[in-house]
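Let me begin by presenting the structure, written as structure tokens, before commenting on it.
The values are calculated or read from the model by the stated rules, or taken from the named source; none is laboratory data. Just so you know, these numbers come straight off a predicted model, no measurement behind them. Please note: Cβ atoms are built from the backbone with ideal geometry, for glycine as well, and neighbour counts cover all protein chains shown.
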Amino acid sequence: MRAGAYILTTTRMSGRVTPNPIDSDENVPSWTPARFGVRSVAVVVIVGLLSIVGSLCSFSLCPAQSVTPMPEASTAASEPITPIPDPPAIDPLKVSLGKQLFNDPRLSRGNSHSCAACHDVQTNGATKQSRDLGLDGSLLQFNTPTVFNAALNFRFSWRGKFPTLQADALASLASSHIMSITLGDAAEKLRADPSMRRAFIEAYATGPDADNIVDAIVSYERTLVTPNSKFDRWLKGDATALSEHELKGYRLFKSLGCVSCHQGMNVGGNLFEQRGVFTAPPSSPPDVFRVPSLRNVAVTPPYFHNGSAPTLDEAVRRMARSQLNTALPDADISAIVAFLNTLTGEYQGAPVRAAP
């Protein structure tokens with residue numbers, strides 16, 4: 001779940017879409033007007049009118065109070081974004097075991113691939129590739145999203161097919177493109193290892209089985225949160241945490257409407273949205289995705305579901321055009337990117353960093 005992939009989605013909240021139940025990302029049909037519905041077309045028209053009003057406001061034809069100056073410091077209660085808390089208290093034996101499993105290639109067919117191969121928690125929780133390679137050496141369908149703060153999302157995978165971390169983990173293990181293993185086979189491998197048997201008995205009072213393998217992995221993933229970003233410190237009242245340039249970026253982020261889809265604790269990850277409200281990339285028709293989190297977005301390039309934007313500046317520029325029908329000046333893009341950089345948090349006391 002790459003945090004930076006597909007940012008600044010739209011100015012509206014009313015276009016939320018629930019995807020049809022499907023078996024895999026590969027089987028999801030592209031967006032069509034018939035699927036998306038007349039209501040959403042009406043919403044697009046309304047958003048377009050609002051964009052025109054916004055443009056008029058930029059020429060001083062609207063009251064000056066339409067963009068309210070931000071205070072020097074803020075609190076989580078007064079903002080649409082809230083701070084990430086410290087990692088939850090989970091049985092350390094289960095977390096430790098889950099970490100071992102996350103890094104264990106025996107959870108894949110042929111013992112060739114671990115979860116950490118695509119989700120490197122020593123760097124950004126993902127990789128630097130536009131799309132990672134599957135077990136057979138072919139490119140995966142989507143850019144790999146970061147595992148950091150994934151537990152804070154309301155649904156999982158780019159299509160949002162999975163309602164829980166458990167379901168997401170099960171799907172990754174079973175996927176012929178990712179791990180391609182049954183839980184029965186995985187448990188059999190682990191039971192053959194005396195040290196792993198002991199670790200499971202210590203944590204679960206029983207040996208490896210389908211349920212506790214998944215539970216251990218999910219227990220570990222729930223601890224992969226990144227609190228204490230500069231923006232979180234500002235939200236908690238540290239008036240010196242952000243520069244004026246960064247604050248300008250946050251004001252723009254709110255006044256342009258980016259915050260309509262990127263808000264809450266995870267700065268996104270809590271609704272579905274159409275990609276390409278106003279314009280869609282020539283090679284990609286309009287489609288619906290789960291809005292990604294912007295936490296750690298500055299260190300998770302490349303961006304979008306297909307990894308097609310190499311830099312954050314380019315991603316902001318493209319999404320402003322396609323989702324807001326706005327051609328942002330370079331100065332505004334610079335300020336927004338400066339704000340997005342303040343969303344980089346810490347894992348185990350060190351700032352999250354980009355993959356080398």
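Miscellaneous remarks
- Check on residue 301, in contact with a helix residue (DSSP H, G or I) (Cβ under 8 Å, 6 or more places away or on another chain), under 30 Å from residue 121 (Cα atoms) and not assigned by TED's automatic domain parsing to the domain that holds residue 168: yes
- Residues of segment 83-114 that are surrounded by fewer than 17 Cβ atoms within 10 Å (Cβ to Cβ) and in a loop (DSSP other than H, G, I, E, B): 85, 86, 87, 88, 89, 90, 91, 103, 112.
Residues checked against (1) under 27 Å from residue 262 (Cα atoms); (2) at pLDDT below 95; (3) assigned by TED's automatic domain parsing to the domain that holds residue 180:
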{"site": "63", "(1), (2), (3)": "yes, yes, no"}
{"site": "66", "(1), (2), (3)": "yes, yes, no"}
{"site": "79", "(1), (2), (3)": "yes, no, no"}
{"site": "111", "(1), (2), (3)": "no, no, yes"}
{"site": "123", "(1), (2), (3)": "yes, no, yes"}
{"site": "135", "(1), (2), (3)": "no, yes, yes"}
{"site": "168", "(1), (2), (3)": "yes, no, yes"}
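- Test for residue 293: is it over 13 Å from the mean Cα position of the chain (by Cα), under 21 Å from residue 145 (Cβ atoms), of a type outside the set (D, E, K, R) and not assigned by TED's automatic domain parsing to the domain that holds residue 139: no
- Matching residues, segment 183-217, being of a type in the set (A, V, I, L, M, F, W, C) and either modelled with pLDDT under 95 or assigned to a loop (DSSP other than H, G, I, E, B) (or both): 192, 205
- Some residue of segment 249-271 being of a type in the set (Phe, Trp, Tyr), more than 23 Å from residue 162 (Cα to Cα) and either buried (at least 22 other Cβ atoms within 10 Å of the Cβ) or touching a helix residue (DSSP H, G or I) at 6+ places or on another chain (Cβ under 6 Å) (or both): yes
- Which listed residue is of a type outside the set (Val, Ile, Thr) and either touching a residue at least 24 places away in the same chain (Cβ under 8 Å) or within 23 Å of residue 332 (Cβ to Cβ) (or both), from 228, 212: 228
- Residue 217 passes every criterion in (1) of a type in the set (A, V, I, L, M, F, W, C); (2) in contact with an Asp or Glu (Cβ under 9 Å, 6 or more places away or on another chain); (3) within 23 Å of residue 93 (Cβ to Cβ); (4) surrounded by 20 or more Cβ atoms within 10 Å (Cβ to Cβ) apart from (2).
- Subset tally (residues that are of a type in the set (Val, Ile, Thr) and part of a helix (DSSP H, G or I)) for segment 313-352: 4
- Residue 246 vs. criteria surrounded by 19 or more Cβ atoms within 10 Å (Cβ to Cβ), farther than 19 Å from residue 298 by Cα, touching a residue at least 12 places away in the same chain (Cβ under 8 Å) and not hydrophobic (A, V, I, L, M, F, W, C): no
- Comparison of 331, 315, 320, 354 shows that the only residue that is of a type in the set (A, V, I, L, M, F, W, C) and free of Cβ contacts under 8 Å to residues at least 40 places away in the same chain is 331.
- Candidates 277, 288: the one that is modelled with pLDDT under 95, buried (at least 18 other Cβ atoms within 10 Å of the Cβ) and touching an Asp or Glu at 6+ places or on another chain (Cβ under 8 Å) is 288.
- From 176, 180, 195, residue being in the same structural domain as residue 110 (by TED's automatic domain parsing), in contact with a His (Cβ under 9 Å, 6 or more places away or on another chain) and either among the hydrophobic types (A, V, I, L, M, F, W, C) or over 30 Å from residue 345 (Cβ atoms) (or both): 180
- Condition check for residue 162: touching an Asp or Glu at 6+ places or on another chain (Cβ under 7 Å) and either in contact (Cβ under 8 Å) with a residue 12 or more places away in the chain or over 26 Å from residue 310 (Cα atoms) (or both): yes
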